[in-house]
Amino acid sequence: PTGADKYKFVKFDAWTYQGSELLWASLMKDLWKAVEDEFTEKVVRYHRAGIALELEGKNQLDESHCTLTPLQKARNRKRLLLMLHAQLYLYLFLFLIVLT
């Protein structure tokens, strides 16, 4: 694909799952495992959370976010994750005040 500078090959034996409905689920599990092994589980989960926050509340058919550069997308995700962390700390602080 355009812009791809690194490829990851994943060994997957589809014959193991022949006739099973678990074929696609197993393929996805192996793909995610390979990505997490390459970039660490924490980094991948952080990235996926950022994407989920970025798309939350947006019309899934709206492709305006596709015009952003990868750097702009990363900055947006980081900002959204920081806002989420700030909200969580605020809720924790308020909860602790209520308890006392």
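The values are calculated or read from the model by the stated rules, or taken from the named source; none is laboratory data. Model, not experiment: these values are computed from the prediction. Here the Cβ positions follow ideal geometry from the backbone for every residue, glycine too, while neighbour counts run over all protein chains shown.
Tallying residues that are at pLDDT below 85 and among the basic types (Lys, Arg) within region 1-31 yields 2. Here ILE97 meets the list (1) at pLDDT below 75; (2) hydrophobic (A, V, I, L, M, F, W, C); (3) exposed (fewer than 10 other Cβ atoms within 10 Å of the Cβ) almost entirely, failing just condition (1). If you filter region 11-52 down to residues that are surrounded by 12 or more Cβ atoms within 10 Å (Cβ to Cβ) and β-branched (Val, Ile, Thr), you find that the one that is farthest from ARG79 (Cα to Cα) is VAL35.
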